[in-house]
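Heads up, the thing below is written out as structure tokens.
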């Protein structure tokens, strides 16, 4: 009897071991199976606020270009776009979701430029290349990993170009601009989001473009309108009440705010000729309309289409493991600068 | 014989032991995992401007997150280009999509095309039902047409009304038009039906109004309504405008009063339900019995009622 | 019902009786083990699930507490902003002379992430100051808004309102924001006099949504927020609920007190935990489906089922083997007994556990005892046959016959006819009684008559050398005796006791009853014998002491016959001493006719 038991057991053990071995092999093999097929480029795009006109233009361009690339190169490009709603925590969660989904490249329009380190670390851990655009992270953070890139325009340049528009107008149409004839340009500045790099640089360099050629300027007021048209209108109304006709120029860090200023002027009863000189940055479609209407005197084109194209090309190259330098011009291994262009009424006929 | 019986018993014992081990490792096996594989769902709309379906898109994206799917949102190059829509659908099917959600430019033609090409993909539609036992998520189109006519009849002070036919092949939109038309005819009100392109509506509308002498316009699809909304400001006579949809622009116009009334429904829910249905069909699960979507007629004064708020401003941001 | 049970019970007992012991043991062990396993399993499972439920409840409550903390913090922040605005700015500014917009701006800018707007209204609903946007919509009517009326009616409180889309400020871009309004009554100072006013702080709903979103409850549940009346403030499936495509039990949840509850909704059981958010009257509701335990149970059920099958089978298998081992000796024993019944000679093994070994041992000793008894019986039967034979033999003793006939001859030749006639008559009578138609038990009368006839003949032959007295007591009337028992004793007495007698020899035969025994004393006053010789005479194992010629049967035969027939208790007792005479006491049971009849039948 005991012998029978012992023989039973030994047979059981052998059979059990064999089955377990088979299972282990299967399991090992199938973890590989959880990855999906390759020929799809998965792109995750996290924008800081979808309401922002410029950003939404970039996104539209990206979608369009992605479709065109698909048709041309017969590949599949899958874009997932999420809205960070100006909240860095939300954006962080969205990035986590991208990583879970298995995105090949992630494009981030970061909400808080000082918080890039967390995102970069996550991307590095998952070995997913990261492309920042339009809102530039701090330089030290960009250096954390090689596969971090920035696509954007040099904010300083946009400020300078904006300043140059005003400078040219001052120099060529002095009479119209200098209302009180005191040879000093009195201006108000509508600033973007506090702490945003574009805000700081555009504010500084726009004025620099004037002072560097010796034009005297006086700042009547300067406040942040958070890139927001309505807020800019509010501020402008207040200033018009307070300063009235003293304001000779309105510098706005972006077109939305410039348009807000124009709104305020129009509702205050000023016409396109009697209102101060308003300049903006971005060259969004409503801004171009305003230029045609004569209310906006000039803007700086932020090449949204170029940005979109660069990002698509770069993403394709990165996903295929090619050298990113082949897709775009890299500076310092991380930066791809897109040139700004100034737009005024005379350029518009060419734009059409 | 005793040995034989012993052996049989041992074999059964081993089998049962193996089955116990198997059930322990069941979730790791590849077969089970494939059930939760991410689905690829393509969404084809019949316009070029994706912003028209932004609410639906929000719903679809939420459903995609909840149900483990990936969306591809594909506009057409040209509004209502049914040939390219069919071609696009074929490309998507070949490209490995698990299911397709489509706002068909030409439902009948598309159904025939699918038959012809023997495309077996689960297809779910919005706006217009498509023959072939496919699910459709839209409010009752006939009802909607009648309701719009009713809204106009309430406001009417003797005007002639222009009905815009902007998507003739889309059966859903056509249904709305026909129902509205029928109601107006029964009420004995003079009306005109004009074909128009939503994309060019902005420019053409003043001309059309002058031509027909109409003091009111009713649009039956999103694109046309958006066009009305954008051009409404500039029209000198401020005609009565009616449309469909629940986007922010329409809300703004309702508030300003440039649009008199709009038929609104939860596009978000339609989008969510369509992705849900598409996911279930492609996974072979049973369809859920979702009730018909309801709609309501919203005017400027009741725009800010709590229910309407939730409809027009779905993202709680 | 009872009949059913009884029939069932009888069926079971029949079945039980027909089963082998191995089957019974293995089945009953398996049954008991399965019941035991089930019992333990169920109680463990029940315990486990209660514990898990409680853990889930606790976990849910903890999560809710945390979310509540966050929410509370958020709401308090708003309250602090309102407080700061009022107590630090509005109270200390005379609106006629000073301007609060700078400070209002600062406060707004600092809390830009959570605020949408701060606005101050006069008692009539006119806008005093607001940030960031400054102009009201034409159709906005602040004085009719609930936040306004509530603030003016209840002066001392801060009032929270359920989320709304803000419908106050003119915004050219027509962007909308969902806000939670916080209003309070304030005292405005204008040109030294105080007026009523309302301070409205609109906080961004996004912050609340942020706090409630993506909260994972243990067990896979979700969280939603309702106001005091049960209206949804936040729900993960909000849009679907508003469109009527899904449902939630929020109105019922408004009635629950804080803590855990069980509810059934939409056909599913759920565990609902409620926590009230302080000051606002809002409630956080956490919902965990109860089937959370069994939801990933597709695998659990499979696992459980296969485990049960496996363990039951394993138990049955092992029980079967073990019971086989236990019951093997019993079965062997049964086989052996069967063979024994068939009459084969088998060796009984003593194997197995205690009782089985005892049984084996007992059977073995029983069979050996049986064998011995059978041998004894055979031996006894043999002896009986022999003595029967001897009796048969002695029924016609040739020597006695010759001698007697010789005596008759010389008596006849001598002309002593009456003596000859008596001798022949006695002889005839003797032989007739000897035969007694074959029966071995005859009336005592006959036996004594037989003895009398024998003595008559012997007296004549011995020329009246001795006297004979035969006497039977009255209470021996009707009793029966074994035949031919007295005569051999008399024969012995004559040959050995009367050898030296010379006319004064006396032999007496006395039959009397002693309770249930019939005693016949045969006494003589002869030479007697030594007691050892008396003993040896009766002892069957010793050779017959040679005492000269005898008639053939002898005393021993009588003794053994009596004993064989009636038992060891009966037989002969010889009482003798040398020169004192001898008494042979014959003891038999006192048999009357019917008893004798029974004895006869018992004889084969």
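The values are calculated or read from the model by the stated rules, or taken from the named source; none is laboratory data. Bear in mind the structure is a predicted one, so any value in this text is a computation, not a measurement. A quick note on method: Cβ atoms are made from the backbone with ideal geometry, for glycine too, and the neighbour counts reach across all protein chains shown.
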(request) State which residue is farthest from the other protein chains (Cβ to nearest Cβ) when the search covers only region A:235-256 and only residues that are more than 27 Å from residue A:175 (Cβ to Cβ) and touching a strand residue (DSSP E or B) at 6+ places or on another chain (Cβ under 8 Å). (result) A:253
(request) Could you look through region A:258-282, keep only residues that are more than 12 Å from chain C (Cβ to nearest Cβ) and in contact with a strand residue (DSSP E or B) (Cβ under 6 Å, 6 or more places away or on another chain), and pick out the one that is surrounded by the fewest Cβ atoms within 10 Å (Cβ to Cβ)? (result) A:277
(message) Residue under question is residue B:84, and the condition is that it be more than 16 Å from the chain's Cα centre (by Cα), closer than 21 Å to residue B:167 by Cα and free of Cβ contacts under 8 Å to residues at least 12 places away in the same chain; does it hold?
(response) yes
(message) Restricting to region A:130-161, and then to whatever is out of contact with any helix residue (DSSP H, G or I) (no Cβ under 7 Å at 6 or more places or on another chain) and in a helix (DSSP H, G or I), can you tell me which residue is farthest from residue A:311 (Cα to Cα)?
(response) A:161
(request) Could you look through region C:28-41, keep only residues that are touching a residue at least 12 places away in the same chain (Cβ under 8 Å) and closer than 22 Å to residue C:327 by Cα, and pick out the one that is surrounded by the fewest Cβ atoms within 10 Å (Cβ to Cβ)? (result) C:34
(request) Of all residues in region C:248-268, count the ones that are in a loop (DSSP other than H, G, I, E, B) and closer than 15 Å to residue C:225 by Cα. (result) 7
(message) Can you tell me how many residues within region A:76-95 are outside any loop (DSSP other than H, G, I, E, B) and at the interface with another protein chain (Cβ under 10 Å from one of its Cβ atoms)?
(response) 12
(message) From the list B:303, B:311, B:293, exactly one residue is within 11 Å of chain C (Cβ to nearest Cβ), assigned to a loop (DSSP other than H, G, I, E, B), in contact with a strand residue (DSSP E or B) (Cβ under 6 Å, 6 or more places away or on another chain) and buried (at least 18 other Cβ atoms within 10 Å of the Cβ). Which is it?
(response) B:293
(request) Please specify each residue of region B:95-108 satisfying the condition of being under 18 Å from residue B:128 (Cβ atoms) and part of a loop (DSSP other than H, G, I, E, B). (result) B:103, B:104, B:105, B:106
(request) Give the residues of region B:67-109 that are in contact with a helix residue (DSSP H, G or I) (Cβ under 7 Å, 6 or more places away or on another chain), under 24 Å from residue B:288 (Cα atoms) and away from chain A (no Cβ under 14 Å), sorted by residue number. (result) B:99, B:100, B:101, B:102, B:104, B:107
(request) Assess whether residue A:173 counts as being touching a strand residue (DSSP E or B) at 6+ places or on another chain (Cβ under 6 Å), over 20 Å from residue A:337 (Cα atoms) and not assigned by TED's automatic domain parsing to the domain that holds residue A:48. (result) no
(request) Please state which one of C:151, C:130, C:140 is in contact (Cβ under 8 Å) with a residue 24 or more places away in the chain, within 14 Å of another protein chain (Cβ to nearest Cβ) and not in a loop (DSSP other than H, G, I, E, B). (result) C:130
(request) Considering each of B:161, B:102 in turn, give the residue that is touching a strand residue (DSSP E or B) at 6+ places or on another chain (Cβ under 8 Å) and either over 21 Å from residue B:182 (Cα atoms) or surrounded by fewer than 21 Cβ atoms within 10 Å (Cβ to Cβ) (or both). (result) B:102
(message) Condition first: more than 13 Å from chain B (Cβ to nearest Cβ) and not in a strand (DSSP E or B). Now tell me which residues in region C:198-219 satisfy that.
(response) C:215, C:216, C:218, C:219
(request) Any chance you could count how many residues in region C:575-594 are over 14 Å from residue C:510 (Cβ atoms) and surrounded by fewer than 18 Cβ atoms within 10 Å (Cβ to Cβ)? (result) 7
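For (1) without any contact (Cβ under 8 Å) to a residue 40 or more places away in the chain; (2) in the same structural domain as residue A:134 (by TED's automatic domain parsing), each residue gets a yes or a no:
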| position | (1), (2) |
| --- | --- |
| A:275 | yes, no |
| A:281 | no, no |
| A:297 | no, no |
| A:311 | no, yes |
(message) So residue A:227 ticks every box in (1) under 19 Å from residue A:160 (Cα atoms); (2) surrounded by fewer than 22 Cβ atoms within 10 Å (Cβ to Cβ); (3) modelled with pLDDT under 90 but one. Which box is left unticked?
(response) (2)
(message) Taking the conditions exactly as written (loosely packed, with under 15 Cβ neighbours inside 10 Å, modelled with pLDDT under 85 and in contact with a strand residue (DSSP E or B) (Cβ under 8 Å, 6 or more places away or on another chain)), does residue C:604 satisfy them or not?
(response) no
(request) Output the residue which, of all residues in region C:181-191 that are in contact with a helix residue (DSSP H, G or I) (Cβ under 9 Å, 6 or more places away or on another chain) and either in contact (Cβ under 8 Å) with a residue 60 or more places away in the chain or more than 28 Å from residue A:52 (Cα to Cα) (or both), is farthest from the other protein chains (Cβ to nearest Cβ). (result) C:187
(request) Please work out if residue B:270 is buried (at least 20 other Cβ atoms within 10 Å of the Cβ), within 11 Å of chain C (Cβ to nearest Cβ) and assigned to a helix (DSSP H, G or I). (result) yes
(request) Just name the residue that is nearest to the other protein chains (Cβ to nearest Cβ) out of those in region C:159-168 that are surrounded by fewer than 22 Cβ atoms within 10 Å (Cβ to Cβ) and part of a strand (DSSP E or B). (result) C:165
(request) Could you grab the pairs with beta carbons closer than 7 Å, sequence gap of 6+ or different chains, first residue in region C:417-434 and more than 17 Å from residue C:459 (Cβ to Cβ), second one assigned to a helix (DSSP H, G or I)? (result) C:433/C:446; C:433/C:449; C:433/C:450; C:434/C:395; C:434/C:450
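Name the one entry in B:277, B:255 that is in contact with a strand residue (DSSP E or B) (Cβ under 7 Å, 6 or more places away or on another chain) and part of a helix (DSSP H, G or I).
Every option except B:277 fails the conditions.
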(request) Would you mention how many residues in region B:232-248 are free of Cβ contacts under 8 Å to residues at least 40 places away in the same chain and within 14 Å of another protein chain (Cβ to nearest Cβ)? (result) 3
(message) Please determine whether any residue of region C:293-311 is surrounded by 14 or more Cβ atoms within 10 Å (Cβ to Cβ), within 48 Å of the chain's Cα centre (by Cα) and more than 13 Å from every other protein chain (Cβ to nearest Cβ).
(response) yes
